[in-house]
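The values are calculated or read from the model by the stated rules, or taken from the named source; none is laboratory data. Keep in mind the model is a prediction, meaning the values are calculated, not measured. Counting neighbours? That spans all protein chains shown, and the Cβs are built from the backbone with ideal geometry, glycine included. Heavy atoms of the whole protein, side chains included, go into the accessibility calculation; ligands, DNA and RNA do not. Shrake-Rupley method; radii C 1.70, N 1.55, O 1.52, S 1.80 Å.
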Amino acid sequence: MADLSVIESQTPLDPASPLAVRGLTVSYGEKPALFSLDASFPAGKMSAIVGPNGAGKSTFLKAALGLIPKVSGEVSVFGREVDRVRDRIAYLPQRASVDWDFPTTARDVVLMGLYGQVGLWRRITGQHKAHALACLDRVGMADFADRQIGQLSGGQQQRVFLARALAQGADLFLLDEPFAGVDAATEAAIIDVLKSLQAEGRSVIAVHHDLSTVAEYFDHVLLVNLRRIAEGPVATTFTADTLADAYGGRLGAVQIEALALQGA
Ligand code: ADP
Ligand code: MG
């Protein structure tokens with residue numbers, strides 16, 4: 001019998017893609033959360049991952065990063081194994097109930113993003129601190145550098161985490177619902193930063209829950225619901241049909257038509 005795994009490995013995933021996966025299957029216990037997913041995100045673009053709650057979006061990012069095990073499948077980051085390019089990736093997890101009673105300033109949180117470059121036990125210099133402040137400034141949080149992170153609003157915390165991702169100097173930004181629960185001003189500030197990253201040639205891939213802003217914010221979209229529903233440029237991929245496939249009865253027909261028209 002033919003060894004299919006050999007044939008599979010003969011076609012490399014697109015080495016120009018900041019993140020490409022093939023046949024990615026992930027399971028929590030018996031229940032698969034992602035099934036044989038293929039995806040290939042374009043370099044230097046803003047990409048959205050869209051799908052209903054529980055579709056496997058967060059699972060996708062975690063499995064791509066190797067934070068949770070996969071059952072099967074290939075993952076390629078800039079044509080290489082993720083472990084070899086970890087320093088080129090910044091990851092902003094979905095905001096969770098992190099207890100920020102821990103006495104850490106906003107600046108310290110950003111400095112944590114530099115540990116990859118500095119090494120945990122090397123000294124943090126004035127230069128590192130200045131860089132951290134510059135990153136805070138880029139997200140409009142320089143005035144809060146010495147504030148305890150636990151005393152900031154959710155939106156302000158999210159900006160600080162984005163500043164930490166910036167401090168890393170990554171080429172690929174993986175963001176899990178960066179706009180969830182933030183105010184309009186924070187959303188605008190975050191999108192400005194992401195667009196400026198894109199202008200610098202970096203790649204942004206974000207799980208995004210607000211269908212009404214997909215067409216405005218993103219170039220490329222992956223619609224997912226356990227499997228890949230559709231993937232491609234927003235203008236041609238984010239349509240009434242693909243939305244209906246991804247969301248089924250969860251969105252009304254009128255709502256789907258309205259959203260897809262914005263994308264058209
Ligand atoms: P999304 O981010 O699209 O809302 P998730 O990737 O978080 O979806 O979850 C996909 C599915 O996997 C859901 O059914 C969820 O309940 C399940 N799941 C997520 N994390 C775990 C876990 N740690 N253990 C068991 N099931 C999980
Ligand atoms: Mg999620």
- Task: Per DSSP H run of at least 4 residues, take -39500 (n - 2.57); add these up for the chain, divide by its residues and hand me the 222 nm value, nearest 500 deg cm²/dmol.
- Result: -10000 deg cm²/dmol
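Given a 1.4 Å probe, how much area per residue of the chain is accessible, in Å²? Present the calculation step by step, with values, prior to reporting the outcome.
Details: 12940 Å² over 264 residues.
Using a 1.4 Å probe on heavy atoms only, each residue of the chain averages 49 Å².
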- So, with a 1.4 angstrom probe, what is the percent of accessible area on the chain that is carbon and sulfur? 52 percent
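Quote to one decimal, in nm, the extra length available between Gln148 and Asp38 on full extension: 0.36 nm per residue of separation minus the C-alpha distance between them. Before the final figure, lay out each step's value.
On the way: separation 110, 0.36 × 110 = 39.60 nm, distance 4.16 nm.
Separation in residues times 0.36 nm, less the Cα-Cα distance, equals 35.4 nm.
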- Query: Once Rh is set to the Kirkwood radius over Cα pairs, what Stokes-Einstein translational diffusion coefficient, in µm²/s, holds for the range 123-241 at a temperature of 4 °C and a viscosity of 1.567 mPa s?
  - Reply: 82 µm²/s
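How big is the dipole moment of the chain about its Cα centre under a simple scheme where the beta carbon of each Lys and Arg is +1, that of each Asp and Glu is -1, and everything else is neutral? Debye, nearest 20, please.
Numbers: 24 positive and 29 negative charges, 140 e Å.
That gives the chain a dipole magnitude of about 680 debye.
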- Message: Under a crude label model (7 Å from the Cα following the beta-carbon direction), how far is Asp245 from Thr25 in nanometres?
- Response: 2.1 nm
- Task: Any lysines with Cα under 28 Å of the Lys31 Cα? List them, leaving off those in the same chain fewer than 8 positions away.
- Result: Lys57, Lys62, Lys70
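Using Cα-Cα distances under 8 Å and only pairs 6 or more residues apart, what relative contact order does the chain have, in percent?
On the way: 497 pairs, mean separation 63.1, N = 264.
Reported as a whole number, the value is 24 percent.
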- Quick calc, the range 110-258, dipole around Cα centre from Cβ unit charges on Lys, Arg (+) and Asp, Glu (-), nearest 20 debye, gives 760 debye
- Extent along principal axes [Cα atoms of the chain; Å; largest to smallest]: 60, 49, 36
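Pick out the long, greasy-scoring helices in the chain: whole DSSP H runs spanning 15 Å or more along their own axis by Cα, mean Kyte-Doolittle at least -1.0. Before the final figure, lay out the partial values.
On the way: long enough: 126-138 (18 Å, -0.52); 154-167 (20 Å, -0.02); 184-199 (22 Å, 0.87); 253-263 (16 Å, 0.98).
Helices meeting the criterion: 126-138, 154-167, 184-199, 253-263.
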- Note on the structure: Judged on accessible area alone, 1.4 Å probe, highest first, Met112, Met46 line up as Met112, Met46
- Beta bridge orientation in the chain: antiparallel %, DSSP, nearest 5: 55 percent
